[in-house]
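Take this structure, written in structure tokens, and hold onto it; I'll ask about it next.
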Amino acid sequence: MITGGKSFVSSPPAFSNDAKRLLVCTGNTVSIFSTSTGLQISELEGHGAPVTSVIVVPASTPASKVLCHCWTASLDGKIKFWDFTAPELMRTIDVRLPIHSMVIPNLLNQPTKSNGKSPNLFAYIYVEVVKQKEGQPNSSCGQIRKCNLTQSRLAGGVNLAETHKPGCITISPSGKYIGICEAHKLRIWEIPTKDSDNAVYKKIRLHHTKTFTTLAFHPTERVVAAGDVTGRILLWRGVGHRTFSTGDKFINGGLNKDAEERPGVRGDDDADSCTTWHWHSVEVNVLFFSSDGAYLFSGGREGVFVVWQLDTGKKKFLPRIGSPLLYFTNSSDPSLSSISCANNRIHLLRMPSMEILRSISGIKLPSSVSDIYEGSGSGVFFDHTAGLVAVPTDNYSVQFYSLFNDCEISEVQICERNHQPGDEATVKVNLVALSRDGSTMGTVETRVPEERIGGLASLKFWACGSQNKDFSLSTVIYEPHRDAGVSSIAFHPTCPMAVTSSYGGDFKIWVRTPDTRLKDQMLQSSGWRCHAVGSYKKKPMTAAAFSADGSVLAVAAENVITLWDPEQNILVAVVGDVLEPITTLSFVGKSAYLVSASPGSNPQLTLWSMSKLSTSWSYKLNAEDVSCSLDGSTFAILALLPKTSESVEPAEGTLQGVDGAILLFNVENPVPLATWFVSKAQGGKLGFIQTSPKLEDEFADVKPDHGLLAYMNSDYEYVLFDPYGEKDHNQSITREQNLSNLEEKEKIGYASIYGELAEFSVEKDQTQIPYIPYEKNWETIFSGPSHKLAPLTKLCLDFLESSLERRSVTVE
Amino acid sequence: MAEDESRISIAKTFPVKPKLRPTSNKATPTPESKYWKSFKIPKDIETIPSKSFIYPITSIAFSPIAPHDFAATHSANITIFSGKTLEPKSTIASAFADSATSAAFRCDGKLLAAGDLTGTVHVFDAKSRTHLRRLKGHASAARLVRYPRADDKFHLFSGGDDSVVKYWDVTTETCLFDLLGHKDYVRCGDASPVSDDMFASGSYDHKVRIWDIRVSNSGSVMELNHEKPVESVLYLPSGGLIATAGGNFVKIWDVIGGGKLLYSMESHNKTVTSLCVGKIGKESGEEAQQYRILSVSLDGYMKVFDYAKFKITHSMRFPNPLLSVGFSPDCSTRVIGTSNGTFYIGRRKVNVQSDDLADVVGLGAVEVEPERRVLRPTYFRYFHRGQNTKPAEGDYLITRPKKLKFAEHDKFLKKFRHKEALVAALSGKNPENVVAVMEELVARKKLLKCVSNLDGEELGLLLGFLQKYSTMPRYAGFLMRLTDKVVETRAEDIGSSDQLRGIIRNLRRDVEEEIRIQQSMQEIQGIISPMLRIAARR
């Protein structure tokens, strides 16, 4: 079983102490990437739920820099301690509450005492607590708890705060303060230097009229910055002079300052002054002070990284990152930091110059605003042969993602338009299809009209240049079906032919005109042109599919299925009548069966026999997606479970969030061969994937005509498994380990400036010189050309030896 | 700074582009059709000579000697044109009792022969127009007169409507042989370019006969069946092939190979009247110095036929039925005569100066240009190569990254100054760009906001644009709706300005016109669609 497609940006990443590795929370695991190559090195597996925090134990002494320990916290309520070089799990603490965020303040200045007994280490965790109140359904709230990591238990009774929803705890770089944003206020606590189970906390609150989104602490001074949803950055100076103890015992006069002398500070907030910077147009997600405290970094939805000079408010920009920024992380190397973007990319940044060194990129996450297009689907398409999935992305491109290797292959820009991350998506690539051999891609992009002006659908055909899935545009067809939207696109399995169906009541068959190279003329580009147009009683055409040999084209005209001869464009037959419009049509492999799915209030999944032109069997199932094996006679459906379903109850009550099931059918038998329960099935996709030849040895027992089944949920997390194998067998499928261990050796000194010196052996010269010892050789020893003389060391020895008289008898 | 930005930016920047338009398949004409199109009526001829003739031009003959004067027969006249100026030089009018036919120059260009409808063949001095000989013998109209093409200066042959081909000794005005065999009018013929003794004649009995006067008493050497009344026969320059025209066809025959039909070109729609050999007189190119067949027909087309590849390489249409065609041996002039007396004279522009210069310095050129040494990295000059130096074959090319050009509206769009972008596009002249900017604004959901923000002058600009282009089919779908919205939202502004009201009036007129067109189109469609349906049923 291969899983992948995890989000890299669900929580902030962390750098290792030597800044050579980046620890990224990816679902239930922590993936470790090399910062020099951007490739994955290893993985920490062990958590049973998404990991929410990863904290690298900082090195207090230069010697301990080699130590690679980290703490992770997860929604499964466990805190784990790892050595991530090995990688090896060292300790587990179970707090039995879903942890949304964890900070460990004293990690940095943890004094190691001479007697070897270190004080207790405390972590502050933001947990989700389910409260049972009478007369109310269980309501969850967030609580900040304290956990004694040394003794592996929660510090009893300590509950710093209780909020409506668990969020993120921010810690100051010195580890002295922690804070959270809660609606219109910031709550900040001072952590005592000698923390114990029952320490007393000093706390302050800062207020604002807008909802806060993020907060940051200055590394040295008492300055707090916070961003709000409107894009303002608030900067409080002298925070907590009244409340918090000052190190120098000097209680300054801030105590007595009245409101006029504290400009911008609201009410009775404990701060000297508050200034507001407003550059961001939408909410600020990232705030971070540079390690020297001179600069403030900020970023938000609009995808521009801003560096503020703290004293003057001057700005520098890194524009056009192309996606909302989520987190900023710095490393021990002052020149290296990372920013996480919402499109599942982590950019490694060389800091003073703000240059992107490299990017770690995962599968592009689905756009949040995709429901403005009715019934057009998510556009995810599985490439059966290559084991790829084509995912339309926010910035009008299609990303090809390898399912086997869990990495990005390429990205094709479908629509040449500048993407503004903050804007509402009005142009979208909503259909993608690849021909069976992967050489041609068809895409449909739609522009939403503004008050009925200027809506446009364009169909594009792309030709694959080389094997690396870099497609070049072959043909553009504007408004392929006049004003009507395109409901589906399908390719002929063997010849260059495609069909698009539209809600406007017609479908068109497109063929590629062959290359014609005329003499003395430029190569006439081979384009796609319309071969035939068909319609059936002006009904909206909702789905289309070619049979396995391409001889039959099935087009769903709302409730009925029309069968056509694609070459002649002749209506062959009309079958069936279902209650709801059919949205998915698929021929089952090479068998004479057609499966159709129609969701809606009267959902139906129907198998049609093509030989009898009648229903074979049908279910009342809300099938989200249907996928058929290429050769065999099986097909899999992704069915959404009804909300209040008693009949299909999850086998174990512990399965949370299960809302769908994958059912595997054989055409002969209406009883499913196998069933799996899945979560986030709404908008999910299924696809049969051919076992790639590289993996053939691993799947020695898998029959070649049976592919693997890929399931991708609405968050584009996918799982790849063998649908015919037994349960335990699933484990045998392991990912092709392409984890690269090669870390670039860091160059120092001379090599870092001039590169490696060429290797040369010193001995080579000496061995080639003929050297004959001779009794009385001092006469001849210096004769001959100088370049033929033996080296001086030898000559000297010989010379001295020859000039000395040898004792004939050795004394015993 | 710009370079800096492009280096670190991750998201690419795209300028707003208009929609692509389909490109026609024959965007680039072939070099050959370019060549044939380059025959144009020269500008320096003030009076078009054709104006003076009203009778059909029955034949055109070029003199084989430079400057290649040409003679045309029309009515009872022969007009000789100067090959240099293309002006009519002289006219022989008095000699003919009836319409003149089939002018032919002798191989040295000094004599000119022509037949007439009484059956007489006349021989003139081409220069002085002196009537030298009258060859009488044909019982009816002599439609074919030809001199042998190689170097025989004493004989000619003629064919007449009495279906006899006669071989004459010109000096004595005697007919040496009567070549019998044709069963109908002999209307055309040609002498072999390689042999003085062979010639072909075509007749309305559908046959082309090839004669050899060395074996004259045994009838024709070969007989080709064209299957239509033969209008023109042409020996191709090799002497091994014959092209015949008749009916709508031009056929190519292999004479050496026993009279085999090689190809039948059937692209004319009416009777092909005349053929001649054309030559691509270019110095370079793949087709340089190749021969073509020019055929003219009553359908008004002149076609250029490549008889090596059996392909029509060029086709040209003229407004009149074409009767005769001629092509000068130096490839500079092409003359076509029509049934109403009009000439289409085309002359190709040749760089005369450069030719002259080449002649003058032709001898000295060798020493003037010393061979330049090949540059090698060891030479000093190697490092002084300029930017214009072409890369050698093995060089590794590093292309400079292309700089994106941003139009003014792009710059505004980049800064989210939407109204300025729209105005900038509108003040530009290209409607495609305007529509592209509008579409981009729609994608940003800002178009209507822009429209409502336009001030009076800018609104006038927009309305002017809409008035001009909203009825154009390419933009109509988009602009009509926009016009609707603009008029709706800015009604009071329009009402308060005279100028805007004027534009709206024009717009209204255009829209009404468009509606009228649409209605008549629909009527036509109503008429056609039942017919199509019936046709489809069959």
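Quick test for you: out of A:Thr230, A:Thr243, A:Thr209, pick the one residue that is within 23 Å of A:Phe305 (Cα to Cα), surrounded by fewer than 21 Cβ atoms within 10 Å (Cβ to Cβ) and touching a residue at least 24 places away in the same chain (Cβ under 8 Å).
A:Thr230
Looking at B:Leu463, B:Leu482, B:Leu500, B:Leu454, which is the one that is closer than 18 Å to B:Val423 by Cα, more than 49 Å from the chain's Cα centre (by Cα) and not basic (Lys, Arg)?
Unique residue meeting the criteria: B:Leu454.
In the range B:432-447, what count of residues is obtained for those that are more than 9 Å from chain A (Cβ to nearest Cβ) and charged (D, E, K, R)?
1
Of all residues in the range B:414-431 being within 14 Å of another protein chain (Cβ to nearest Cβ) and at pLDDT below 90, which is nearest to B:Lys17 (Cα to Cα)?
B:Lys414
Another one. Given the structure, is B:Arg149 touching a strand residue (DSSP E or B) at 6+ places or on another chain (Cβ under 7 Å), of a type in the set (Lys, Arg) and not in a strand (DSSP E or B)?
So B:Arg149 passes the test.
Any idea how many residues of the range A:198-221 are among the aromatic types (Phe, Trp, Tyr) and assigned to a loop (DSSP other than H, G, I, E, B)?
1
In the range B:38-65, which residues are of a type outside the set (A, V, I, L, M, F, W, C) and either assigned to a loop (DSSP other than H, G, I, E, B) or modelled with pLDDT of 85 or more (or both)?
Correct list: B:Ser38, B:Pro42, B:Lys43, B:Asp44, B:Glu46, B:Thr47, B:Tyr55, B:Pro56, B:Thr58, B:Ser59, B:Ser63, B:Pro64.
Would it be correct to say that A:Leu348 is within 22 Å of the chain's Cα centre (by Cα), of a type outside the set (Val, Ile, Thr), more than 27 Å from A:Thr3 (Cβ to Cβ) and not in a loop (DSSP other than H, G, I, E, B)?
no
Same structure again: Could you run through the range B:28-37 and say how many residues are modelled with pLDDT of 85 or more and either closer than 23 Å to B:Gly189 by Cβ or of a type in the set (Gly, Ala, Ser) (or both)?
Final tally of qualifying residues: 0.
Within the range B:309-331, how many residues are touching a strand residue (DSSP E or B) at 6+ places or on another chain (Cβ under 7 Å) and in contact (Cβ under 8 Å) with a residue 40 or more places away in the chain?
16
Hey, another quick one. Name the pairs whose Cβ atoms lie under 9 Å apart, with the first residue in the range A:346-365 and at the interface with chain B (Cβ under 10 Å from one of its Cβ atoms) and in contact (Cβ under 8 Å) with a residue 60 or more places away in the chain, the second assigned to a strand (DSSP E or B) and of a type outside the set (Val, Ile, Thr), and 6 or more positions between them or separate chains?
A:Ser359/A:Cys341; A:Ser359/A:Arg345; A:Ser359/A:His347; A:Ser359/A:Leu348
Also, I was wondering about something else. Filter the range B:7-27 down to the residues that are at the interface with chain A (Cβ under 10 Å from one of its Cβ atoms), modelled with pLDDT under 75 and either within 22 Å of B:Leu413 (Cβ to Cβ) or out of contact with any Asp or Glu (no Cβ under 9 Å at 6 or more places or on another chain) (or both) and list them by number.
B:Ile8, B:Ser9, B:Ile10, B:Ala11, B:Lys12, B:Pro22, B:Thr23, B:Asn25, B:Lys26, B:Ala27
If you don't mind, another one. For residues that are within 14 Å of chain A (Cβ to nearest Cβ) and surrounded by fewer than 19 Cβ atoms within 10 Å (Cβ to Cβ), scanning just the range B:265-286, find the one that is nearest to the chain's Cα centre (by Cα).
B:Lys282
Out of A:Val678, A:Val658, I need the residue that is within 22 Å of A:Asp406 (Cα to Cα), of a type in the set (Val, Ile, Thr) and at pLDDT 50 or above. Which one?
A:Val678
Could you grab me the full set of residues in the range A:447-493 that are of a type in the set (Gly, Ala, Ser), in a strand (DSSP E or B), within 21 Å of A:Pro514 (Cα to Cα) and away from every other protein chain (no Cβ under 13 Å)?
A:Ala463, A:Ser472, A:Ala490
Could you check how many residues of the range A:281-305 are within 14 Å of another protein chain (Cβ to nearest Cβ) and on the phi < 0 side of the Ramachandran plot?
Number of matching residues: 6.
In the range B:411-465, what residues are in contact (Cβ under 8 Å) with a residue 12 or more places away in the chain, in a helix (DSSP H, G or I) and of a type in the set (D, E, K, R)?
Within the range B:411-465, B:Lys414, B:Lys419, B:Glu432, B:Glu439, B:Glu440, B:Lys449, B:Glu458 qualify.
Within the set of pairs 6+ apart or on separate chains, which have a first residue in the range A:409-424 that is more than 18 Å from B:Ala436 (Cβ to Cβ) and within 11 Å of another protein chain (Cβ to nearest Cβ), a second that is among the charged types (D, E, K, R) and surrounded by fewer than 18 Cβ atoms within 10 Å (Cβ to Cβ), and C-beta atoms under 8 Å apart?
These pairs meet every condition: A:Glu424/B:Lys445.
Here's something else I'd like to know. Which of the residues that make up the range A:308-328 are farther than 14 Å from A:Ser359 by Cβ, crowded, with 21+ Cβ neighbours inside 10 Å and within 14 Å of chain B (Cβ to nearest Cβ)?
Answer for the range A:308-328, where residues must be farther than 14 Å from A:Ser359 by Cβ, crowded, with 21+ Cβ neighbours inside 10 Å and within 14 Å of chain B (Cβ to nearest Cβ): just A:Pro324.
Is it true that some residue in the range B:171-194 is farther than 25 Å from B:Pro329 by Cα, among the β-branched types (Val, Ile, Thr), over 35 Å from the mean Cα position of the chain (by Cα) and part of a loop (DSSP other than H, G, I, E, B)?
The answer is yes, given that some residue of the range B:171-194 is farther than 25 Å from B:Pro329 by Cα, among the β-branched types (Val, Ile, Thr), over 35 Å from the mean Cα position of the chain (by Cα) and part of a loop (DSSP other than H, G, I, E, B).
Output the number of residues of the range B:462-503 satisfying the condition of being surrounded by 15 or more Cβ atoms within 10 Å (Cβ to Cβ), closer than 19 Å to B:Pro431 by Cα and more than 14 Å from chain A (Cβ to nearest Cβ).
Summing the residues that are surrounded by 15 or more Cβ atoms within 10 Å (Cβ to Cβ), closer than 19 Å to B:Pro431 by Cα and more than 14 Å from chain A (Cβ to nearest Cβ) in the range B:462-503 gives 8.
While we're on this one: Give the residue, chosen from A:Ala457, A:Ala425, A:Ala390, A:Ala433, that is surrounded by 22 or more Cβ atoms within 10 Å (Cβ to Cβ) and either over 23 Å from A:Thr3 (Cβ atoms) or hydroxyl-bearing (Ser, Thr, Tyr) (or both).
Checking each option against the conditions leaves just A:Ala457.
The values are calculated or read from the model by the stated rules, or taken from the named source; none is laboratory data. This is a predicted model, so every value here is computed, not measured. Cβ coordinates were reconstructed from backbone atoms using ideal geometry, including for glycine residues, and neighbour counts include every protein chain displayed.
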